[in-house]
Amino acid sequence: MCGIVGYIGCEPAGPYLIDGLAKLEYRGYDSAGICLNDGKELVVKKAKGQLAVLKEMTDNGKSLSGTVGIGHTRWATHGEPSDVNAHPHLSESGRFAVVHNGIIENYQQLKDYLISKGVVFRSMTDTEVIAQLIEFYYHDSLIDTVIKVLGKLEGSYALGVISRENPDEIIAVRKESPLIIGLGEKENFIASDVTAILSKTRKIYRLENNEIAVLRRDSVKIINTDKEEVHKEVETVTWDVDAAEKGGYEHFMFKEIMEQPDAIRKTISPHIKNGRVVLDEIKLTHEQIKSFNKINIVACGSAYHVGVVAKYIFEKMLRIPVEADLASEFRYRDPIINDKVLTVVISQSGETADTKEAMKEAQRRGSYALSIVNVVGSAIAMESDDVIYTWAGPEISVATTKAYSTQLAVVYLLALYFGDILGTIVPDEYKALINQLESLPEKVQTVLGHKERLQYLASKFFNSKDIFFIGRNIDYALSLEGSLKLKEISYIHSEAYAAGELKHGTISLIEQGTPVIALVTHEELIGKIVSNIEEVKTRGAEVMCIACDTHPEIKDVAQTVFIPKVCDMLLPSLAVVPLQLFAYYVASLKGCDIDKPRNLAKSVTVE
Ligand code: F6R
């Protein structure tokens, strides 16, 4: 995710800002920039690419003068990675500079308004709107203006603001996006992440939502949006840098598992307005949507598993035939595809070679390509006919978790959007689904609360040689992901089977003590999967179930992790969490290199 640093003190700010940004590099970014008040002007230096470019441009920050400044590493959301879209952003006359983490959901309306008033924008970002609004409304008090502007913003943000006329102040704001204040001797700091300030201070304030900090060299005042002072306890950070990068967790994978409620919320919430799914960013017309007679999904690995879930959901809700294909198979099998087929392309990185080539193959044959991508400006995002971004933020662990969950979230949005246009979802069902979708992040949070139980169950299974996953319908699609997660990070051989297939061969592998993980969430087929569980138990299998809390009787069948009951379409988002945690704890007990499993790369750019 993007990173923020800020410094106000008596030393040159440039070298500190560069150093702070270097500490945030691990979070992933595509451009970086700093802005200092040199006593006369706000001087901005920013560049696309690695921090090394900015370091060279500024002689490690030394070429800029000034003792107050802000800096940023950007992970593109609105607007491709580029020099001009990099932060900090200046207001039109250069009086105010802003760095921002998060997403301003109503930025387009605000931008249109400012343009109608003659304001000239330079970038494609949502952030620039904030700088321009501050200049537009400014009279004589920066803090009053910032509070006024906050009242106009919808979405999430952590902000750092400096002004040309006042070199003695930084204003910092937090809403839904983390921001801390570091307290030094005659110097104070802002940062999105403690790693950026640990070399300078361990004394911090954590801002809460809607709190505003006014930093001067020798004081920090925290107020709310009514300008009432907020008294906070100073916290002393005891983590070392390595632990701090991982938010205090041992591995990025665990951190990313825990980030899922937030990532899902960020992906869903900009797309639901007044109880309806809004996909403003796509060009696909209602007529085109109605003209398709098939949906074709191409992807690799976990993204393909999202495609398999999507097949069940789209077919059920849209009544259109859907094929989910491994991109590496699709591209070489002379697929039957034409302009009546919508191709949905799923990729976290947006750079996976097979997925990209499969998409191009589909496009060559006349198909319209709609991609679901996490990395803004990546090849697949740029070359597809339409893109819907997931807002998972950078995923550092090789094994995907939060990207998988946000891809699922986009699948739900598409199912509702298309179903509404095609008339395959009745209004009451639509309303109920929207309500449940909006409360999904909370439900995922509830499931994360079962982590100790998953740790216990992992301790029972981590010495196994083989583990099998079974399920039916969407539960089968999910078992593919549970199995991949486990094998890729724990190196335990594991396979996923459609439970109905057991008797056609696989059951011969079951012997005394063979672990079987059964997904028992799909309401219509509970009786059938329970019969399959009994079959493997009879042959000695040790079974663990994932089931909905509306079926407490499942605990009499096998040891069970319960998830909250939601509609069938949304269950994969809850059921995948225990599978991720289980794989994580098994790998941890085995002492594996969880974030960087052997032989694997985060982005597979060769076939
Ligand atoms: C597994 C995993 C991979 C990716 C696959 C596709 O945990 O991360 O299977 O899902 O390599 O990558 P993207 O989504 O970048 O196209």
What's the number of the condition T446 fails, among (1) in contact with a Lys or Arg (Cβ under 9 Å, 6 or more places away or on another chain); (2) surrounded by fewer than 23 Cβ atoms within 10 Å (Cβ to Cβ); (3) in contact (Cβ under 8 Å) with a residue 12 or more places away in the chain? (1)
Taking the stretch 550-607 and the residues there that are within 15 Å of the ligand (Cβ to nearest atom) and of a type in the set (K, R), the one that is least open to solvent (accessible area, probe 1.4 Å) would be K602
Please state which of the following conditions I507 fails to meet, knowing it meets all the rest: (1) within 16 Å of the ligand (Cβ to nearest atom); (2) over 29 Å from the mean Cα position of the chain (by Cα); (3) of a type in the set (A, V, I, L, M). (1)
Report yes if some residue within the stretch 266-275 is in a helix (DSSP H, G or I) and of a type in the set (G, A, S); otherwise report no. yes
Subset of the stretch 40-60 (residues that are open to solvent by less than 60 Å² (accessible area, probe 1.4 Å) and either in contact with a Ser or Thr (Cβ under 9 Å, 6 or more places away or on another chain) or assigned by TED's automatic domain parsing to the domain that holds K402 (or both)): L42, V43, K46, A47, G49, L51, L54
Where I115 falls short, out of the listed (1) more than 27 Å from D218 (Cα to Cα); (2) at pLDDT below 95; (3) surrounded by fewer than 20 Cβ atoms within 10 Å (Cβ to Cβ); (4) not charged (D, E, K, R): (2)
Can you tell me how many residues in the stretch 316-370 are basic (K, R), away from the ligand (no atom under 16 Å from the Cβ) and in a loop (DSSP other than H, G, I, E, B)? 4
Given (1) surrounded by fewer than 24 Cβ atoms within 10 Å (Cβ to Cβ); (2) touching a Leu at 6+ places or on another chain (Cβ under 8 Å), G28 misses just (2)
Looking only at the stretch 9-30, how many residues end up being under 20 Å from T127 (Cα atoms) and at pLDDT below 95? 5
Can you tell me which residues in the stretch 361-384 are open to solvent by 40 Å² or more (accessible area, probe 1.4 Å), over 22 Å from A310 (Cα atoms) and polar (S, T, N, Q)? none
Among residues of the stretch 385-402 being open to solvent by 20 Å² or more (accessible area, probe 1.4 Å) and under 17 Å from E245 (Cβ atoms), the residue farthest from the ligand (Cβ to nearest atom) is I396
Residues that are open to solvent by 20 Å² or more (accessible area, probe 1.4 Å) and either touching a Leu at 6+ places or on another chain (Cβ under 8 Å) or modelled with pLDDT under 90 (or both): which strands (runs of 3 or more DSSP E) entirely in the stretch 191-255 hold 1 or more of them? 203-206, 220-224
Give the residues of the stretch 407-425 that are open to solvent by 30 Å² or more (accessible area, probe 1.4 Å), of a type outside the set (F, W, Y) and either assigned to a helix (DSSP H, G or I) or on the phi > 0 side of the Ramachandran plot (or both), sorted by residue number. D420, L422, G423
All-but-one check, R333 against (1) within 30 Å of L600 (Cα to Cα); (2) open to solvent by less than 40 Å² (accessible area, probe 1.4 Å), failing number (2)
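The values are calculated or read from the model by the stated rules, or taken from the named source; none is laboratory data. If you're wondering where the values come from, they're calculated on a predicted model, not measured in any experiment. Positions of Cβ are backbone-derived with ideal geometry, glycine not excepted, and every protein chain shown enters the neighbour counts. With ligands, DNA and RNA removed, areas are computed over all heavy atoms of the protein, side chains included. Shrake-Rupley method; radii C 1.70, N 1.55, O 1.52, S 1.80 Å.
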